[in-house]
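Since the structure comes first, as structure tokens, the remarks are kept for the end.
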Amino acid sequence: MHHHAASHDPVLVALSILIAALASYTALDLATRMRAASGRARRSWLVAAAIAMGGGIWSMHFVGMLAFSLPGIEISYDPFLTLLSLVIPIVVAAAAFAVVGRRPQALLASGFAMGLGISGMHYTGMAAMRMAALIQYDPRWVVLSILIAISASIVALWLAFRNTNAVQRLFAGLVMGLAISGMHYAAMEGVMFLPTSAMARPAGHLGVGQAPLAFLLAGITIMILSIGIAAAVYDRASAERAQREAAALRRSEERFRLLVEGIADHAIFMLDPDGRVGNWNLGARRLMGYGDDIVGTSYTIFHTEEDCAAGAPPRALVEAEREGKSAIEGWRVRKDRSRFWAEATIVAVRNDSGAIAGFAKIVRDVSERRRAQEALDRAREALMMSQKMETIGQLTGGVAHDFNNLLAAVLGSLELLKKRLPTDDPKILRLVENAMQGAVRGASLTQRMLAFARKQDLRPAVVDVRELVRGMASLLKFEAGIDVETRFPMHLPKVKVDANQLELAILNLAVNARDAMPDGGQITIAAREEQGEGGLSSSGYVALSVSDTGCGMSDEILKHAQEPFFTTKGVGKGTGLGLSMVHGLAEQSGGRLVLKSRPGEGTTADIWLPIAEETAVPDLRIAAPAAVARPSRQLSVLVVDDDLLVLENTAAMLEDLGHVVVEARSGDEALALLRRTRTVDLVVTDYAMPGMTGLQLANAIAAERPETVILLSTGYADLPSDTRSSLPRLAKPFDQAALAKAIEAAMGEEEPAGSVVAFRPKSA
């Protein structure tokens with residue numbers, strides 16, 4: 001019987017085509033999950049896709065066979081061959097998917113093998129038919145069906161490993177379903193059935209009706225494929241959600257990484273619970289100097305040996321674990337072993353269960369802030385010391401001024417007493433001279449005190465350095481163990497400098513040298529002639545040097561030694577002003593201060609002073625009192641001073657000189673006396689008086705009696721700017737000779753206005 005006499009149930013044919021399309025779509029959908037997975041999940045999806053493809057094709061084939069019927073012939077199916085026909089497509093589909101998944105270039109070979117397997121499935125299913133007819137095949141339709149199966153398999157494998165969306169997979173599934181169905185019905189077109197005599201049914205053969213079996217099989221297949229599609233959809237949704245979360249996490253991590261990497265001035269470390277470096281940012285690389293080789297190393301490598309010996313690193317981790325955070329400042333060490341002052345913070349990082357997962361350590365270089373703070377502290381200390389020294393200076397100046405008045409009274413009284421003593425008793429004369437010498441030493445002391453307080457009139461003059469240092473011999477006597485030696489050439493040029501300030505500078509340098517030799521040593525004061533260099537003029541200089549054999553200074557200390565308020569003597573042992581005062585004196589005098597020192601070899605300070613063009617040298621010593629010449633004419637003198645001792649002493653010296661003296665103890669009293677007395681030739685007035693100063697008195701006298709000569713007696717150098725501040729002055733304390741010379745100069749105008757007649761005591 002020819003197959004054209006056979007018939008197909010249109011419902012079951014449509015159902016078979018639907019199963020083929022649904023199986024193709026499901027297989028393609030499951031294949032996309034296979035590509036997105038790995039390991040066991042990938043193998044699971046591979047099996048699912050193979051079952052969907054092979055099982056769906058088999059189900060389509062079997063439903064299509066159940067749709068086929070021959071009039072008058074009962075058809076049943078052998079269970080074993082039917083089951084074998086199911087296994088064949090599933091196995092070949094799984095093998096093909098696995099091979100192409102690993103080796104995409106094997107697509108054609110795998111598709112060819114899969115097509116042959118599907119064809120084998122069809123003809124195995126045909127062999128499972130049990131009926132009273134013989135089956136013959138048309139070779140042309142057989143070849144065509146095999147080609148359709150191979151082509152459909154190649155396309156299925158190609159689509160399975162391409163990125164397709166749901167619409168593309170749906171369209172491809174429909175096309176492939178039609179192709180696979182076409183393969184089946186093309187093969188059925190080439191089948192011929194030849195009727196035979198009734199055949200006895202084999203014993204134990206199970207026969208199943210066509211229509212019930214077809215619908216049962218279709219229902220099971222559709223349910224299984226639906227489950228596969230649902231699983232793929234759920235997995236895809238989960239994967240997409242995971243991808244979105246992973247993408248968000250990556251973006252967050254990327255932003256965090258960019259943020260952390262962008263912080264170049266902070267070193268950020270991630271430490272494991274044991275304190276080993278797990279990761280760090282670019283700022284840590286720049287700050288610490290290490291590379292990736294530091295990963296896995298204990299973070300104690302960044303600490304100093306002292307901190308490690310004291311157990312500071314593990315203690316910081318324990319504190320961070322207990323308190324949640326540990327913040328300290330201290331020294332840290334770079335890879336090149338250089339140190340910097342760091343602000344370090346360690347924060348404990350915990351997981352969801354609260355256990356320590358590690359630590360985040362943030363380190364910032366605050367060396368500049370520390371230096372600024374130290375500089376601020378030094379400035380505050382310097383300001384406090386400066387204020388202290390200013391207070392001491394004011395106190396010293398006030399004490400020296402009052403002491404000057406006392407010395408003036410003592411010195412003047414002793415001088416007058418010496419004149420009136422009998423000359424036949426040398427012992428009495430010697431005692432008076434000793435008293436006068438003591439007063440002279442006191443005068444020298446007050447001059448230095450006023451110089452320190454900057455209230456002494458200090459003016460540059462031609463100075464013989466050798467004689468000046470010799471005159472300071474008594475001031476340069478230190479404790480036992482310190483030897484002071486002077487070395488001067490025979491012919492040393494004279495210099496132009498303020499003698500008092502130079503004495504103070506030498507004394508400062510000598511005291512510094514003494515302090516640098518706590519165990520004793522030698523101080524050498526010497527001088528030599530030098531030529532200008534290093535920016536100095538080409539004229540000659542005298543380099544006065546003070547050297548010691550003390551501990552010396554390092555290069556760093558030497559660099560700051562001349563800065564104001566810099567000292568290494570400790571709190572309360574030095575002001576830091578000595579070298580800066582010496583430096584200022586040298587600079588203002590047209591020279592410079594040169595310091596040379598090495599640790600353990602001592603220090604040498606050279607004061608370069610310009611050689612004086614003049615040859616006159618001021619007498620720095622007071623000679624033995626000489627007879628004071630009597631004035632050429634008698635004067636009527638008004639003496640004004642608020643100190644009764646100074647007033648009486650000055651009046652006594654003037655009377656001894658032959659002048660007529662009128663005394664006043666204040667400016668108001670002096671003006672009242674002037675208005676009653678018409679014969680006053682000279683007014684000798686103190687400057688510092690309560691109520692009315694000497695300059696104010698001078699202005700009042702000039703307004704009423706402009707012809708009256710005024711001589712200002714004061715121990716201060718800096719007087720307020722005033723029209724009368726250029727008056728002739730007599731420096732306190734003074735003796736009778738200085739008083740006579742000042743009067744002679746004021747009355748005879750032998751010296752320019754504003755000149756000072758000073759009493760220069762001999763340095764004992």
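Amide H to amide H under 5 Å from residue 527: which residues, 5+ apart in sequence or cross-chain, H placed 1.01 Å off N in plane?
Excluding prolines and chain starts, which carry no amide H, the hits are 487, 545.
Given +1 on the Cβ of Lys and Arg, -1 on the Cβ of Asp and Glu, and no further charges, what dipole in debye does region 2-98 carry about its Cα centre, rounded to the nearest 20?
On the way: 5 positive and 4 negative charges, 146 e Å.
It works out to roughly 700 debye.
Would you mind putting 685-692, 407-414, 370-377 in packing order, based on average other-beta-carbon counts within 10 Å, highest first?
Numbers: 685-692: 18.5, 407-414: 22.9, 370-377: 11.2.
Answer by packing, highest mean first, reads 407-414, 685-692, 370-377.
Filter 496/732; 335/361; 418/741; 419/741; 477/596; 419/494 down to the pairs with a C-alpha to C-alpha distance above 26 Å, please. Don't skip to the answer; put the middle values down first.
Working: 496/732 24 Å; 335/361 18 Å; 418/741 20 Å; 419/741 19 Å; 477/596 24 Å; 419/494 37 Å.
Beyond 26 Å between Cα atoms: 419/494.
Once Lys and Arg get +1 and Asp and Glu get -1 on their Cβ, which of 93, 117, 41 lies farthest toward the positive end of the dipole of region 1-126?
41
Could you tell me the distance between the Cα centroids of region 32-109 and region 668-701, to the nearest Å?
Each part's Cα centre sits 136 Å from the other's.
If a/c stays under 1.5 just call it rounded; otherwise compare a/b with b/c (prolate if a/b is bigger, oblate if not). Do that for region 325-370, with a ≥ b ≥ c from the square roots of the Cα gyration tensor eigenvalues. Could the numbers behind the result be given before it?
Details: a/c = 4.51, a/b = 2.39, b/c = 1.89.
Prolate, since a/c reaches 1.5 and a/b exceeds b/c.
Quickly rank 465-472, 116-123 as a protection proxy: mean count of other C-beta atoms within 10 Å, highest first.
Details: 465-472: 19.1, 116-123: 22.4.
The peptides rank, most packed first, as 116-123, 465-472.
Based on the Cα gyration tensor of region 641-720, what are the three equivalent ellipsoid semi-axes, each the root of five times an eigenvalue, rounded to whole Å and given largest first? Intermediate results must be reported in sequence, preceding the final value.
Details: eigenvalues 63, 57, 27 Å².
Result for region 641-720: semi-axes of 18, 17, 12 Å.
Name the long-range amide H neighbours of residue 661: under 5 Å, sequence gap of 5 or more, or other chain; modelled H, no Pro or chain starts.
For residue 661, the qualifying residues are 637.
Keeping the other protein chains in place, figure out the carbon and sulfur percent of the accessible area of region 1-112, with a 1.4 Å probe. Provide the component values of the computation, followed by the final result.
Numbers: 3230 of 4660 Å².
The C+S portion of the solvent-accessible surface of region 1-112 is 69 percent.
Would you mind classifying region 1-115 by shape? Square roots of the alpha carbon gyration tensor eigenvalues, ordered a ≥ b ≥ c; an a/c under 1.5 is rounded, otherwise it is prolate if a/b is larger than b/c and oblate if not. Don't jump to the answer; show the numbers that get you there.
Working: a/c = 2.62, a/b = 2.34, b/c = 1.12.
Because a/c hits 1.5 or more and a/b exceeds b/c, region 1-115 counts as prolate.
Could you give each residue of region 297-303 its phi-based ³J(HN,Hα) in whole Hz, using Karplus coefficients 6.51, -1.76, 1.60 with θ = phi - 60°, and x for Gly or Pro?
The phi angles translate into 8, 5, 6, 5, 5, 7, 9 Hz.
Under a cut-off of 20 Å between alpha-carbon atoms, report the aspartates and glutamates in cross-link reach of residue 427, not counting same-chain residues fewer than 8 places apart.
List returned: 415.
The values are calculated or read from the model by the stated rules, or taken from the named source; none is laboratory data. Quick caveat, the model's predicted, so the values are computed rather than measured. Ideal geometry is used to build each Cβ from the backbone, glycine not excepted, and the neighbour counts take in all protein chains shown. For accessibility, only protein heavy atoms count, side chains too; no ligands or nucleic acids. Shrake-Rupley method; radii C 1.70, N 1.55, O 1.52, S 1.80 Å.
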